[in-house]
1. Going through region 64-163, which GluC sites (Glu not before Pro) have at most 13 other Cβ atoms within 10 Å and a DSSP loop state?
2. Net charge within 11 Å of His143 by Cβ-Cβ distance, Lys/Arg positive one each and Asp/Glu negative one each, not counting His143 itself?
3. I'd like the orientation of helix 23-44 relative to the chain: the angle between its Cα long axis and the longest Cα principal axis, in ° from 0 to 90, rounded to 10.
4. Can you give the extra length, in nm with one decimal, that the chain gains between Arg123 and His20 once fully stretched, where that is 0.36 nm per residue apart less the Cα-Cα distance?
5. Arrange the following residues from fewest to most other Cβ atoms within 10 Å of their Cβ: His63, His88.
6. Any idea what the dipole of the chain comes to, in debye rounded to 20, about its Cα centre with Lys/Arg Cβ at +1 and Asp/Glu Cβ at -1?
7. Nearest 10 degrees, 0 to 90: what angle lies between the long axis of helix 3-19 and the longest principal axis of the chain (Cα atoms)?
8. Could you tally the net charge around Val134, taking each other residue with its Cβ under 15 Å from the Cβ of Val134, Lys/Arg +1 and Asp/Glu -1?
Amino acid sequence: MSRTDLASFIARASALVRSHPEPADCVLALAPLVLDLVDRAPEFLQPEHYRSDPNHYARNLVHDAPDASLSLYTLVWMPGQWTPVHDHGSWGVVGVLEGVLEERNFVRLSPDRGADDGIELARGGVILLGRGAVTSFVPNPDHIHVTGVPTGRPRAVSLHLYGRMMNSFNTYDVQAGTRQRVSVAHNES
Ligand SMILES: [Fe+2]
C-alpha cells in the first residue's frame with residue numbers, strides 16, 4: 001500500500017461516514033476497512049508515526065479531514081504506559097499493528113443526566129487486543145475505559161480512526177465520581 005492507497009482508504013471511509021449518520025452503523029461499516037488497513041499499514045506509515053515518548057504514550061497524526069469529520073492516528077504504547085479512565089465523545093475504530101493492547105472497561109451504574117459529578121462506575125472486563133485485532137466504540141452510552149500496556153509486555157502500536165478531530169476527551173475520577181473535559185494536542189497523550 002502506498003500513500004495513494006491511504007488516500008483511497010480515507011476517501012472510502014469518508015463516503016461511509018457520510019452515508020452512515022448513526023454511529024453504530026458507521027463503525028459496523030468501517031471496521032472491515034480498518035481490518036484491511038491494519039495489514040497494509042507498515043507500507044504507508046512513516047518513521048514519525050512510530051514515534052514513542054518515554055513519559056507517556058505517544059499519539060501521532062496520520063490524517064485529518066479538512067472538514068474535521070474524520071481523523072486517523074497511530075498510538076505508540078511503551079510498557080507501563082496507560083491512558084486515564086476516559087471516553088471519547090465520538091465513535092472510533094481501533095486496529096492493533098504491533099504488540100498486545102489492553103483495554104480495561106468500566107460500566108456506568110448511575111444514569112447519565114449530563115452532569116459531571118455523581119458518576120458511579122464499576123470495573124468491568126478486560127480485553128487483550130493482539131496484532132490484527134479491530135475494536136470499536138460509539139457514544140451514548142459512552143464507552144468508558146483505560147487503555148495501555150502493562151509493564152513486562154512489549155510495546156504496542158495501534159491505529160485509531162475517530163469521527164472527529166480528537167482534540168479533547170472526557171476523563172473520569174472513579175473515586176470522586178466526577179469527569180472533566182481535557183484538551184490534547186496531536187502529539188501528546
Ligand atoms: Fe480510548
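Where a number appears in this text, it was derived from the coordinates with a stated rule and is not lab data. Source: prediction; values computed, not measured. In this analysis, Cβ positions are derived from the backbone assuming ideal geometry, glycine residues included, and neighbour counts consider all displayed protein chains.
1. On the way: sites: Glu98, Glu102, Glu103, Glu120; in loops: Glu120.
Filter output for region 64-163: Glu120.
2. -2
3. Roughly 50 degrees, rounded to the nearest 10.
4. 33.9 nm
5. Least crowded to most crowded, the residues run His63, His88.
6. Working: 16 positive and 21 negative charges, 41 e Å.
About 200 debye.
7. The angle comes out near 50 degrees.
8. On the way: positive: Arg40, Arg131; negative: Asp36, Asp39, Glu98, Glu103.
With Lys, Arg at +1 and Asp, Glu at -1, the neighbours total -2.
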